[in-house]
Amino acid sequence: MQKGKIGVTTENIFPVIKKFLYSDHDIFLREIVSNAIDATQKLKTLSSCGEYKGELGELKVRVAIDKENGTLTVSDSGIGMTAEDVDKYINQIAFSGAEEFLAKYKDSANAIIGHFGLGFYSAFMVSKKVEIRTKSYKEDAKAISWTCDGSPEFELNEIEKAERGTDIVLYIDDDCKEFLEKDKIEALLKKYCKFLPVPIVFGKKQEWKDGKWVDTEEDNVINNTKPAWTVQPSELKDEDYLKFYHELYPGEEDPLFWIHLNVDYPFTLTGILYFPKLKSNIDVQKDRIQLYCNQVFVTDSVEGVVPDFMMLMRGVIDSPDIPLNVSRSYLQSDANVKKISSYITKKVASQLENIFKNRRQEFEEKWNDIKIFIEYGMLTDEKFAEAAMKFALLANTDDKKFTLDEYKELIKGEQTDKDGYLVYLYATDKTAQYSYIKNATDKGYDVLLIDDQLGSHFVGMLEQKLEKARFVRVDSDILENLIVKADRKSAELSAEDRSVFTELFRSQIPAIEKTEFLVTFEALSAESSPVMITQSEYMRRMKEMAAMQRGMSFYGELPDTYSLILNTEHPLVKRVMEESKAALAEKVSPLEAKIADLTKTSEALREKKDATDAEKEILANNESQAEALRKEENEAIKAYAQTNPLVRQMIDIALLGNNLLKGEALDSFLKRSIDLLK
Ligand code: ADP
């Protein structure tokens, strides 16, 4: 028997391991099983290059629980270790600057283990004693046992062991008894070892017999040793990709597309990324890509490794070049990781372009489901946006799909305004905006349907990317103003008429909470609607964005502002204007004349730089007089407006057309309509 001290500079690392690695206890199993796999793979390599001439035998890794003795054992038939190997690989732990490092990364077990190559020692997170029973593949090697109880002292003994390979026996700590539970271990193996390249056996397959589960003769193999991403793309069929997807995400719907990543220069990276069919809520889907390092599961929190928008995708990325064993903040600043991330972006973009080119019909059919990825990608990743300009599609209200270039060609003729801007008309709701859409299409314009969550952001981005382009929602103004073709006849109203008619209609708009209206006049054609309601594109977009992101609540708080547009060429509007003018002339004209007088003197006084106090007083007086007269006038207009049902009727029809007429206002509209029919 030989006794010795483990070569660490720190007095005792085991309390450190236990204390700092508390949160990530589970990974000990991954480390121990990975070592067993490595030992097996090394033996295969030695055998294939002729350095090992013996029988390979059945190369499986076995994991077994012995509840009675409180042990968990991982056994392999790999290369094993000689006493010298144990001394070299187990006893001598490079442990420089340990305390400093531990203090820095105390929350991340992965970081510590990765940094020190402490894989094996993670066993002490859950064990009060660990025994290595091993026999090297080398001829005449003696089997040995190494035992350590968590203090820096260990024992080395020669033992009887017939088979080549290593058993790692963990004497599970009393406060870690869960690691003696079959379900727990099976779950851990399935999480971390599901795709390791050597069969991992955990007990026997069971069958239902005589009312209970019993063991069969067959080994219960936990893993798929040849997962799809390790196979050449040319050897895989669609079914294989789908099967693998369901292996990763049991019970999920088929994915829409997939992309096989396969690089070996300038870094090694393989993987398969899937576009899943997303449910409506983006957030719940995050964190579904799994990162592997040589088929060992490392994490499914991939932030920083893949570009943000790909967090919505699923699948597997496997790379020994991603320093997965380090802390997250380190990962994000790592140059290699940045390169990998931008490579993935490039690859995804070019594959999408291929799919679009070669299978356009399928791409179009699935567009509604994948657009969220592409739009999100374009919004958050400049490089991706550039590439995606070739295959991002626009859909119109007839559900025809166009590339950006195709769409430009389509609307160029009809939808270029007098300043040479290409005007993209869009709707966000086919039903609610029906009449606006119809108006536009009747006129030979095309209307896009942009109805997804990212719509307003996407539109904003396209406006920046496309030259001389403007996006306007069909209901944001009258058609003539959306695409201004030539300088148009404006409504010819005298100042007096304008102020009277404005008040005439303004006074009759029913009060709607958090909603304001501006009354304006346009000389449209006699066939256009008499009254229309539009909402400014700018304000609407600001409010939509405010709803999606914090810090913009200023816009969110503002009321909705609509324009009530009266078509002064329409016979009905003409009639109302004439009738009201006649009815109000007697009352309003003298008031208007007085107001005009007052305004004139006020203006003159205001312009005077060295006005005397007396003059200032006159000015103030004038202003309050004018205000009082204006009030009187408005009262008179309002009183008249109430007697003319046409005013209210026209307003209500416009409100109704925008789903803004509700409650009491709707009720009085209905009653008034019946009265008008009498
Ligand atoms: P790493 O695996 O990162 O090198 P570990 O602490 O996990 O660090 O293991 C240290 C070394 O011990 C390994 O490199 C290997 O040489 C040896 N070793 C561990 N487990 C086994 C095993 N099951 N069979 C053979 N050698 C092993």
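The values are calculated or read from the model by the stated rules, or taken from the named source; none is laboratory data. Keep in mind it's a predicted model, so treat the numbers as computed, not measured. As a convention, Cβ positions derive from the backbone with ideal geometry for all residues, glycine included, and neighbour counts pool all protein chains shown. Remember, those area values only see protein heavy atoms, side chains included, never the ligands or the DNA or RNA. Shrake-Rupley method; radii C 1.70, N 1.55, O 1.52, S 1.80 Å.
At q = 0.12, 0.16 Å⁻¹, what is the log10 ratio I(q)/I(0) for segment 149-230, with the Debye formula run over Cα points and no solvent? Values, matching the q order: -0.59, -0.94. Projecting the Cα atoms of 262, 152, 542 onto the charge dipole of the chain, computed from C-beta unit charges around the Cα centre, puts 262 farthest toward the positive end.
Given the Cα-Cα distance of residue 492 and residue 466 and 0.36 nm per residue of separation, how much length would full extension add, in nm?
Gain on extension, residue 492 to residue 466, equals 5.7 nm.
A simple spin-label model places the labels of residue 338 and residue 441 4.9 nm from each other, with each point 7 Å out along Cα-to-Cβ.
Rolling a 1.4 Å probe across the protein heavy atoms gives segment 434-486 an accessible surface of 42 Å² per residue.
Note on residue 430 and residue 217: the model spin-label points, each 7 Å out from Cα along the C-beta direction, lie 6.2 nm apart. Once backbone amide H atoms are built at 1.01 Å from N, residue 473 has 426 as its partners under 5 Å, excluding neighbours fewer than 5 places away on the same chain. Approximating the spin labels as points 7 Å out from Cα along Cα→Cβ, the residue 484-to-residue 149 distance works out to 9.1 nm. Based on C-alpha pairs under 8 angstrom that are at least 6 apart in sequence, the chain has a relative contact order of 8 percent. Amide H contacts of residue 252: none lie under 5 Å away among residues 5 or more positions distant or on a separate chain (H built 1.01 Å from N in the peptide plane; Pro and chain starts excluded). The aspartates and glutamates within cross-link reach of residue 438, meaning a Cα-to-Cα straight distance under 18 Å and a gap of 8 or more places when in the same chain, are 398, 399, 414, 429, 446, 451, 475, 477, 480, 527.
What the phi angles of segment 581-593 give under the Karplus curve with 6.51, -1.76 and 1.60, with θ = phi - 60°, is a coupling list of 4, 4, 5, 9, 3, 4, 7, 7, 3, x, 5, 4, 4 Hz, glycine and proline written as x. Take the residue pairs 3/42; 67/177; 67/204 and return only those whose Cα atoms are more than 18 Å apart. Result: 3/42 exceed 18 Å. Quarter the surface of the alpha carbon convex hull of the chain and you get the mean projected area, 48.6 square nanometres. Restricting the trypsin sites (Lys or Arg not before Pro) of segment 35-83 to loop positions (DSSP other than H, G, I, E, B) with no more than 10 neighbouring Cβ atoms within 10 Å leaves 53.
Shown here: segment 228-359, whose C-alpha atoms stretch 38, 34, 28 Å along the first, second and third principal axes, sorted largest to smallest.
Shown in residue order for segment 406-420 are the 3J(HN,Hα) couplings computed by the Karplus curve 6.51 cos²θ - 1.76 cosθ + 1.60 at θ = phi - 60°: 4, 5, 4, 4, 4, 9, 3, x, 8, 10, 9, 8, 5, 8, x Hz (x for Gly and Pro).
On the basis of the beta-carbon distance and an R0 of 41 Å, residue 67 and residue 42 show a calculated FRET efficiency of 0.80. Within segment 354-468, the proportion of Cα pairs with more than 24 Å between them is 25 percent. Taking each residue as 0.36 nm, the span from residue 659 to residue 361 lengthens on full extension beyond its C-alpha to C-alpha distance by 103.6 nm.
Backbone geometry of segment 463-479 corresponds, through the Karplus equation with coefficients 6.51, -1.76 and 1.60 at θ = phi - 60°, to 3J(HN,Hα) couplings of 4, 6, 7, 7, 7, 6, 10, 9, 9, 9, 6, 4, 9, 8, 6, 5, 3 Hz, x marking Gly and Pro. The trypsin sites (Lys or Arg not before Pro) of segment 176-276 that meet both conditions, a loop assignment by DSSP and at most 16 other Cβ atoms within 10 Å of the site Cβ, are 237.
Using the alpha-carbon positions of segment 495-677, Rg (one decimal) and Dmax (whole number) come out as 20.1, 63 Å. If R0 equals 25 Å, the separation of the Cβ atoms of residue 586 and residue 627 corresponds to a calculated FRET efficiency of about 0.70.
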